[in-house]
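Dropping the structure in here first, questions after.
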């Protein structure tokens, strides 16, 4: 009988027996990643995303109504966690049951508001935070979404400690794709991420994954690569354990730190080394796809089955409606952000208003072409004919500079009148683009969190709750 922990120990011992490679051995048998291209692209993306994600306070009672012929995904944000991860910039607060139950009720009220606007959705994505923090409330929320909309598939995030029979049994049939944040099986890295005491050792995480396989149509495992203290041997061990875990999808995210969190991380565990990021991305693909065990389904997601549900919902529907505190919506080329404040969110919903607090500038035609270019290629294929139908111009002419750059660095595997697909270099450059887009979003989230009322900022500190008066030992610096 195959024992999960025996397999874990075997892979762990085999990885530890391999000497640490030097930079030359990392590249053996592979083309070097174009560092000049990565540095240029990073610089340009930081400039562009600063403008694309910029926002200003907005006074709106509601999001805009849907446009005919547009498809949308519904995103639901649950901002509660039992413990807070230091590197996470998403809107999240320490869990308190009474507060969370009230919040779930407001979420369902906001969902009804979206329905009254005329929106319909085939896909629902629930993120956090920890959506499974109160399973009975999550079940009621999913069931309501299916009543209001034409939901065909539901994706949800969870934490490793919620991979229990009691939790997954209630979600069986309701959630098609469950995504669990493991990040690494390396105990040293888990301790540096402050996850070891929260969720257990790498061996315990592996055992939970093995026990959960088969419960959901798709079990996705979220991993982080290029953590400052991560070695190639540690990365290879993580990838081998993913292959052995039985999960049918995995997403390897590069470490995406906002400028503020990058500085604090550098002082704690070291500076992010972008010079090795591309090689690490290549290693992940090489090891996962060996023997056709997995295949790339986006620039950073790999699936065992063809045509599986993709990790990023924007690939299928670039426009989305976000509900919940801290959620974002992207509608007709414009970003909208909901308030990060739990009290402001509650006041808005209880008064019959949606919680939109900020709005970005409306994208111009060229901006929309760029956005579609990135989204399509992130999903590994751009249909040139559909692009021309959508924008009235061939991609070669509409994005002349972008196409010249991608061709010059060898990003395209297929470049013909029908479509564009990516080489391994091209997939990595799309990772760079998404990394910078999300890092800038993280910066805006950090700023929104810093602007929270003082009492709510206490919920970002371990061991504190919303008090009647600020406790001196818990009060944040202002």
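No lab work stands behind these numbers, since they all come straight from the coordinates. Nothing here was measured: the structure is a model prediction, and the numbers come from that model. For neighbour counting, all protein chains shown are included, and Cβ atoms are generated from backbone atoms with ideal geometry for every residue, glycine included.
Can you list the residues of segment 63-83 with backbone N under 17 Å from a point 7 Å past the Cα of residue 122, pointing along Cα to Cβ?
Residues passing the 17 Å test: 67-75.
Report the relative contact order of segment 95-156, percent, no decimals, based on alpha-carbon pairs under 8 angstrom and at least 6 residues apart. Numbers along the way, then the final one.
On the way: 45 pairs, mean separation 29.4, N = 62.
The value is 47 percent.
Another question about this same structure. With a Förster radius of 51 Å, plug the Cβ-Cβ distance of residue 343 and residue 211 into 1/(1 + (r/R0)^6) and report the FRET value to the nearest 0.05.
After rounding to 0.05, the efficiency reads 0.80.
Compute the length gained on full extension between residue 143 and residue 295: take 0.36 nm times their separation in residues and subtract their Cα-Cα distance, giving the result in nm to one decimal. List each step's numbers first, then the result.
Working: separation 152, 0.36 × 152 = 54.72 nm, distance 3.28 nm.
Result: 51.4 nm gained on full extension.
Using Cα pairs under 8 angstrom and six or more residues apart, how large is the relative contact order of segment 179-289, in percent?
Reported as a whole number, the value is 30 percent.
With labels modelled as points extended 7 Å from the Cα through the Cβ direction, what inter-label distance (nm, one decimal) is found for residue 271 paired with residue 44?
2.5
I've got another one for you. Among 35, 434, which comes first, second and so on when ranked by fewest other beta-carbon atoms within 10 Å?
Ordered from fewest to most neighbouring Cβ atoms within 10 Å, 35, 434 come out as 35, 434.
To continue, here is another question. Taking N as the number of residues in segment 185-246, what is its Cα Rg relative to 2.2 N^0.38 Å?
1.13
What number does segment 80-182 give for Rg over Rh if you use C-alpha atoms and the Kirkwood radius?
Radius of gyration relative to Kirkwood radius: 0.96.
Right, next: Does segment 300-402 classify as rounded, prolate or oblate by the C-alpha gyration tensor (a ≥ b ≥ c root eigenvalues; a/c under 1.5 gives rounded; else a/b over b/c gives prolate, otherwise oblate)?
Oblate, since a/c reaches 1.5 and b/c is not below a/b.
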